[in-house]
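Enquirer: Mind looking over this structure? Questions follow.
The values are calculated or read from the model by the stated rules, or taken from the named source; none is laboratory data. This one's a predicted model, so the numbers in the text were calculated from it and none came from an experiment. FYI the Cβ positions are ideal-geometry reconstructions off the backbone, even for glycines, and counts take in every protein chain you see. Only protein heavy atoms, including side chains, enter the accessible area calculation; ligands, DNA and RNA are left aside. Shrake-Rupley method; radii C 1.70, N 1.55, O 1.52, S 1.80 Å.
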Amino acid sequence: MKNLNSISLKLSESGELLILDQQMLPDQENWILVRDPDHMIEIIQQLKVRGAPLIGVAAALSLALWSQKNQPQLGQFLQVSMSLRQSRPTAVNLMNALDRLNQVAEATKVSTDSILNCALEIYQEDVDLCLQMAQVGSELIQDGDSLLTHCNTGGLATVGVGTALGVITQAHSQGKKIHVYVDETRPLLQGGRLTTWELKKAGVPYTLICDNMAASLMAQNRVNRVFLGADRIALNGDFANKIGTYNLAVLCHHHKIPFYTVAPSTTIDFNCPDGASIPVEQRQADEVRGVAGSFGQVRWSPVDSQVHNPAFDVTPAHLLSGLVIDNKIITPKQIQEHGNLKQALL
Ligand code: MRU
């Protein structure tokens with residue numbers, strides 16, 4: 001078996017799939033041995049593995065490895081694939097990756113070697129697309145820029161260098177002197193726990209802020225550009241990303257600050273016409289009533305407080321300065337001129 005090694009996921013030569021438990025970062029680096037697709041579903045739902053591209057790759061590998069061991073019939077294969085598909089509803093990389101495996105299973109009468117090769121291709125493709133985005137996107141960053149990012153879009157959200165964070169770390173490695181404001185990203189603190197961990201490792205200067213501090217920083221001209229990721233991009237360029245993204249888009253529009261999303265083409269939903277058609281995951285109330293992590297668990301609101309907890313919001317395409325997709329930078333104007341994102345990418 002091919003040995004795979006990323007900062008978020010490993011595959012050993014003997015076929016053991018290991019996932020870095022992101023719930024325990026930044027204080028503990030615990031690796032979880034994935035038993036089977038049911039275990040992977042639990043891991044995805046608990047956000048131990050997260051980030052749109054990584055969820056797709058991890059789910060595909062768990063299904064392919066299970067198939068190698070169990071040699072299922074097509075019906076059983078498709079059933080397990082369907083359960084994985086339902087583990088989280090918004091990030092479309094999951095559905096896109098599983099659709100690819102399903103097609104191979106159907107075309108090859110469930111050749112488990114072909115299915116595994118397809119999962120390995122999905123892994124390698126993510127590594128390659130991250131590098132392309134980093135290269136192209138870093139051209140948008142100038143020496144001396146002060147950037148702002150949201151959630152986590154680095155190696156912990158992909159199996160490569162990341163999407164928006166890959167662009168940022170690439171600009172840093174080109175010698176550009178940059179500073180990054182990191183939104184903590186309530187409720188699950190992907191910015192405060194994970195992006196800070198990655199930027200520290202990469203030696204990129206950063207400052208952690210609470211989500212409600214971005215507006216005043218912008219008013220003081222302390223942010224030049226915003227880069228963040230996407231979980232599902234519709235054909236008209238509207239996109240879902242971590243809750244709080246839309247706030248930043250509106251703020252950037254008001255302050256005339258360039259606002260970019262960075263995502264591989266595996267995050268496009270070619271069947272989704274617009275943002276209103278994107279399903280948004282609603283999560284448990286306790287995530288908002290308090291917080292949990294390697295530091296323990298705290299609750300601050302009355303135990304029965306009513307809570308609104310959508311994991312994502314949808315940003316309309318017209319608020320974007322551009323979308324960095326694979327090796328291209330596409331503007332909302334180009335999407336309009338070509339009729340849709342699919343045509344604009346041709
Ligand atoms: O709930 P999460 O942590 O899986 O949400 C992740 C995000 O919203 C990221 O910004 C998105 O997946 C892009 S990551 C390359």
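Enquirer: Helix 93-107: angle to the longest alpha-carbon principal axis of the chain, degrees 0 to 90, nearest 10?
Expert: 20
Enquirer: Let me ask something else about it. Considering all projection directions equally, how large on average is the shadow of the alpha-carbon convex hull of the range 89-157, in square nanometres?
Expert: Over all viewing directions, the range 89-157 projects a mean Cα-hull area of 6.3 nm².
Enquirer: Within 10 Å, count the other beta carbons around each residue, average over each peptide in 166-173, 214-221, 115-122, 137-144, and list them highest first.
Expert: 166-173, 115-122, 137-144, 214-221
Enquirer: Now for a different question. Round to the nearest 0.05 the FRET efficiency obtained for Lys333 and Glu121 when R0 = 30 Å and r is the Cβ-Cβ distance.
Expert: About 0.35, to the nearest 0.05.
Enquirer: How much length would be gained if the chain were fully extended between Asn5 and Lys200, taking 0.36 nm per residue of separation minus their Cα-Cα distance, in nm to one decimal?
Expert: 68.2 nm
Enquirer: Go through 281-290, 68-77, 81-90, 150-159 and give me the packing order, highest mean Cβ count within 10 Å leading.
Expert: Sorting 281-290, 68-77, 81-90, 150-159 by mean packing, highest first, produces 150-159, 81-90, 281-290, 68-77.
Enquirer: Per q in 0.20, 0.21, 0.24 1/Å, what log10 I(q)/I(0) does a Debye calculation on the alpha-carbon atoms of the range 120-171 return?
Expert: -0.63, -0.68, -0.84
Enquirer: With 20 Å bins from zero, work out the P(r) of the chain over every alpha carbon pair and list the percent per bin.
Expert: 32, 59, 9, 0
Enquirer: Moving on to the next point. With angles folded into 0 to 90 degrees, how steeply does helix 245-255 sit against the dominant principal axis of the chain? Use alpha carbons for both and round to 10.
Expert: The answer is roughly 30 degrees.
Enquirer: What order do Ile329, Ile32 take when sorted by accessible area (1.4 Å probe), most exposed first?
Expert: Final ranking, largest accessible area leading: Ile329, Ile32.
Enquirer: Still on this structure, I have one more. Percent antiparallel among DSSP beta bridges with both residues in the chain, to the nearest 5?
Expert: DSSP beta bridges in the chain are roughly 55 percent antiparallel.
Enquirer: At 7 Å along Cα-to-Cβ for each site, give me the label-to-label distance between Ser173 and Arg299 in nm.
Expert: Between Ser173 and Arg299, the simple spin-label model gives 4.5 nm.
Enquirer: Can I ask one more? Taking 37 °C and 0.692 mPa s as the conditions, I'd like the Stokes-Einstein D for the range 1-79 in µm²/s, using the Kirkwood hydrodynamic radius from alpha carbon pairs.
Expert: 253
Enquirer: Find the percent of Cα-Cα distances in the range 234-294 that exceed 12 Å, and round it to a whole number.
Expert: Percentage above 12 Å: 76.
Enquirer: Let me ask something else. Provide the per residue accessible area, probe 1.4 Å, for the chain, rounded to a whole number of square angstrom.
Expert: Per residue, the chain has 42 Å² of solvent-accessible surface.
Enquirer: In degrees, nearest 10, range 0 to 90: what is the angle between the Cα axis of helix 112-138 and the longest Cα principal axis of the chain?
Expert: Approximately 10 degrees, to the nearest 10.
Enquirer: Roughly what would the spin-label model give for Asp99 and Ser14, points 7 Å off Cα along C-beta, in nm?
Expert: Those two pseudo-labels are separated by 3.8 nm.
Enquirer: For q = 0.09, 0.11, 0.18, 0.22 Å⁻¹, what log10 I(q)/I(0) does the range 225-346 give under the Debye formula with an equal point scatterer on each alpha carbon and no solvent?
Expert: -0.31, -0.44, -0.90, -1.16
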